[in-house]
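Written below as structure tokens is the structure these notes are about.
The values are calculated or read from the model by the stated rules, or taken from the named source; none is laboratory data. It should be emphasised that the depicted structure is a prediction, and the values quoted were computed from it without experimental measurement. Virtual Cβ from ideal backbone geometry, glycine too; neighbours counted across all protein chains shown.
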Amino acid sequence: MTSAEEKAGGQSAMSSAARARPSRSRGGLVSVEQALGFLLARARAPDEEEQVDLPRARGRVLSRPQVSRIDVPRFANSSMDGYAVRSADAGAAGRHRLRVAQRVAAGELPEALGCGEAARIFTGAPLPAGADAVVIQEDCSREGDMVCFDGPLLAGANVRPRANDIAAGEEVLAAGLRLRPQELGLAASVGLASLPVYRPLRVAIFSSGDELVAPGRPLGPGAIYNSNRYTLLGLLDALHCEATDIGMVADTLEATRSALRSAAEGADLVIGSGGMSVGEEDHVRAALEQTGRLEMWKVAVKPGKPLAYGRIGDADFIGLPGNPVSTLVGFCLFVRPFILRRQGVNEVRTRPLRVSAGFAWPRPGGRREYVRARLSGDVDAGYRAEIHPRQGSDVLTSAVWADGLVDIPAGAVVSPGDPVTYYPFSELLA
Ligand code: AMP
Ligand code: MG
């Protein structure tokens, strides 16, 4: 994620990743950067668009840049309630006394302002021709139809000039932007009622494992509840994907093959969890090789070492290890950026924070480790990352306790107070 996405997101890294085969290093393991580079190089840009009304466009990805056809604002207007004046009449120091010749509210058309005149004006109202400054009402006193205030008042005071925000012809929204409330507001401010967006990414998920039972059902001997299904559906929802659940898949080659086939129907991306290892009960690899094409990497990362990418017909496939924390972290590290690129989002990087370690990591690990952590401290004292004492990939309670992940490089030791890289879940899951 750190330099991984930065590198993989850069053009040169992308094209070299596209050419490179997964070269194995470190005992058959590829690095996080390499795995991410391979994945991003395989993430095709979306090609279907639709026009969507603004209220339904939040979370969608803009497919074409938008250019404003108008100046915003289209006319110079007052930024305050007060009196519009000519700065020539009020530019000097000392007391000024001007006749209030008209009243202009927002939405009204003013008349030209004569010499020695003022116009009562309200926020957003067009400035009368000739006026070039507004004196705020708190600084004024009225004497009948005269207004008095102290100068000097400079030209431009409390005035928003024409095109203060946007000039006609300017690009206001770039293609590849995820539409947040402010992008929708901006589109509306230039008069757009709908926007061109990419079609939502259709993602099908399935969960492999004979032991899995849906929550709400009784648990038989040796059974566990299927939690990955809900983690994955939540992650996909947060990324505005259209998710379908194919269900739980038995640990047989035939069941896995048919799950892959039906999941790939009508899906852009299939995500499987579990059954990815090389044990006799793990069939994803063989099933994918028979139904499509498989590339699989052992990534030098903890949790979430085995990562599969493949194609089934037109659909992409990503396989995640079944342990609940591996599924979550593997999604954050690899699937999320893949999905973002696949959705046409131009910024796929995750921005980490630099915080100080509130923990010791005395024994260097063989793999880069993403450790469940949360921040203590505050903005004045600075933030410290504390880590959960139980980092097993089955310990989902630690992910609930956590606010994010600390990235600990392979071979690193960390002492309390050392700077560490921290990825907040608010970045990873948004
Ligand atoms: P696997 O990747 O199939 O070898 O599974 C690794 C571990 O994750 C095993 O302990 C499984 O029982 C568990 N696991 C696999 N899939 C799920 C799931 N959908 N929900 C919860 N735990 C799972
Ligand atoms: Mg299994």
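Restrict the check to segment 285-300 and report whether at least one residue is under 29 Å from R374 (Cβ atoms), away from ligand 2 (no atom under 16 Å from the Cβ) and buried (at least 19 other Cβ atoms within 10 Å of the Cβ).
yes
Could you check N346 against (1) under 30 Å from R390 (Cα atoms); (2) within 20 Å of the chain's Cα centre (by Cα); (3) more than 15 Å from ligand 1 (Cβ to nearest atom) and say which number it fails?
The one condition N346 does not meet is (1).
Residue-by-condition table, conditions (1) part of a loop (DSSP other than H, G, I, E, B); (2) under 40 Å from the mean Cα position of the chain (by Cα); (3) of a type in the set (S, T, Y):
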| position | (1), (2), (3) |
| --- | --- |
| G107 | yes, yes, no |
| A112 | yes, no, no |
| V135 | no, no, no |
| E138 | no, no, no |
| V147 | no, no, no |
| G156 | yes, yes, no |
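Looking at H240 and the list (1) within 16 Å of ligand 2 (Cβ to nearest atom); (2) under 30 Å from E48 (Cβ atoms), which single condition is not satisfied?
The single condition H240 does not satisfy is (1).
Residue check, S258 against (1) within 16 Å of ligand 2 (Cβ to nearest atom); (2) at pLDDT 95 or above, all met but one. Which one?
Exception for S258: condition (1).
In this structure, is E138 modelled with pLDDT of 95 or more, within 30 Å of E183 (Cβ to Cβ) and exposed (fewer than 13 other Cβ atoms within 10 Å of the Cβ)?
Here the answer is no, as E138 does not meet what is asked.
Select, from G344, G330, the only residue that is surrounded by 19 or more Cβ atoms within 10 Å (Cβ to Cβ), within 16 Å of ligand 2 (Cβ to nearest atom) and of a type outside the set (K, R).
G330
Yes/no matrix, rows are residues, columns are (1) under 22 Å from R162 (Cα atoms); (2) surrounded by 18 or more Cβ atoms within 10 Å (Cβ to Cβ):
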site	(1), (2)
V85	yes, yes
H96	no, yes
A105	yes, no
E111	yes, no
C115	no, no
T123	yes, no
D132	yes, yes
R142	no, no
C148	no, no
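Residues are listed down the side, and each one gets a yes or a no for (1) away from ligand 2 (no atom under 16 Å from the Cβ); (2) surrounded by 24 or more Cβ atoms within 10 Å (Cβ to Cβ):
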| position | (1), (2) |
| --- | --- |
| M248 | no, no |
| S273 | no, yes |
| S277 | no, no |
| V355 | yes, no |
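Name the residues in segment 266-298 that are assigned to a strand (DSSP E or B) and either of a type in the set (D, E) or at pLDDT 95 or above (or both), would you?
Hits for segment 266-298 are L269, V270, I271, G272, S273, E295.
Does G169 meet the test of being more than 13 Å from ligand 1 (Cβ to nearest atom) and at pLDDT below 95?
Answer is no for this residue.
Please enumerate the residues belonging to segment 204-227 that are without any contact (Cβ under 8 Å) to a residue 24 or more places away in the chain, within 9 Å of ligand 1 (Cβ to nearest atom), of a type outside the set (V, I, T) and touching a Leu at 6+ places or on another chain (Cβ under 8 Å).
Result: Y225, N226.
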